[in-house]
Each structure stands twice: as structure tokens, then as C-alpha cells.
Amino acid sequence: TSGAAVTAEMVDDLARKHFSPCMRNLYERLKRDHHMKHFGRLQLGLFLKGIGLPLEEAVIFWRRMYGSSMTDDKFNKEYRYNIRHSYGQEGKRANYPPKSCQQILTTNQPGTQDSHGCPFRHFSPDNLATFLVSSYPTLDRSSAEMRDILDSVKNSHYHVACTRVFEVTHGLKKGDGLGKDGETVSHPNRYTERSREIEAD
Ligand code: SF4
């Protein structure tokens, strides 16, 4: 979406500070498992392209994340093509855009082995709370904010819950949204873009 190029080296720091919960989850899972299924790779890969990770850096990033779980030969044969494809360099050469919340919430529903999707929509309330407190140390499990978040989820207002996480983790008040005209979360790339802008302010 914005600005200067992002390198493979920078992703870990950006993930910790600025990724939306869905992308944070995907990244942590990839880091832990050195493996990711198709829709997860697609959701995270297009997001990374959107934050400014160029193709060459994307190849470095994914090769590193798979690590020794995969030979170079396998990586080159099965994965390099897919990465290049998602950057519009193979096949139809389509420039696939990063997925919006709406797409993530409603298409390709994840199964139990999958890590793609939206944590607010696709995790059990208990797993969601555990994930949130481990990913965002400023969020306390027994806080009023957490109750707010879980209430929004119960009412299927997933983007409201996600916006509340953004507010709490960026020192913003309820209703401030992404810190600009009360804008709420509708796209993971926008979430990250606003988070980086707030840090730079
Ligand atoms: Fe990601 Fe959107 Fe869900 Fe937030 S509401 S976690 S940005 S899909």
C-alpha cells in the first residue's frame, strides 16, 4: 500500500509492532512451524507484497521461514514459482491485490489444520483471548477492554473487535479507531499502514 521498500530482515520487527491480528497469527505460526498451507501462504504473501516487500525479498523471506524443513531443490521447484506468480511474474501475470477483511471473513473458510482467516471470526473465544494476550502484552485477559472485544465477537462484529485491539495497543481511546476520523478496520494492510504512520508521527 505505501512507502519505502520493506526487506525480509524487517518483517519480524514489523510483525511485532504493526501487523493486524490475522497477519500476526499467520506470521507466528509460520515462524513456529516452518510450514504453511496454501491459503495461509496466499493471505500472508499478498499482505507482505502490499506492505512493500519486493519480489526478491519475498523469495528470501519465504526461503528463510521454511528453513531446513525443505531442501533448496524443493523450494525452487514448488514454491519459488508460486511466489513469483503472486507478484504477477508467472502465468496470467495478474497483479493480485492483498485480501480485504471482507474477503478474509467470508471466503475459503479455514479447517482445523489451517492458519488463515480472521482470529476474531475463526478462533474459539478462549483461543482468541489466549492469542491476544500473548501477542499484545498491553491487553490484559481480565480487563474491560478484553470483555469489550469478546462481546463484539459474540455479536459477530469482528471488525469492531479488531478496531478495539488497534485502539488499545496504540494508546487510543474507544471510538478513535485507526486514529483518523474514527476510521475502523476494513483491511489488514490499512491496519498496518496506520500503525506505522502513528509510530512515525
Ligand atoms: Fe485481519 Fe480484518 Fe480480522 Fe482484523 S478484522 S484480524 S484485519 S481479517
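Throughout, read-outs are computed from the coordinates displayed, never taken from laboratory work. Keep in mind that this is a model prediction, so the values were computed, not measured. Quick reminder, even Gly has a Cβ in these numbers, built from the backbone with ideal geometry, and neighbours come from all protein chains shown.
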Quiz item: What whole-number value in cubic angstrom gives the convex hull volume per residue for the C-alpha atoms of the chain?
Solution: 121
Self-check item: Cα-based equivalent ellipsoid, segment 119-174: semi-axes from gyration tensor eigenvalues, Å
Solution: 15, 13, 9
Quiz prompt | If the convex hull is drawn through the Cα atoms of segment 97-201, its volume per residue in Å³ | solution = 112
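Among T7, T184, which comes first, second and so on when ranked by fewest other beta-carbon atoms within 10 Å?
By the 10 Å Cβ count, ascending: T7, T184.
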Exercise. For segment 191-201, just list the computed ³J(HN,Hα) in residue order, Karplus coefficients 6.51, -1.76 and 1.60, θ = phi - 60°, integers in Hz, with x standing in for Gly and Pro.
Key: 3, 5, 4, 5, 4, 5, 5, 5, 5, 6, 5
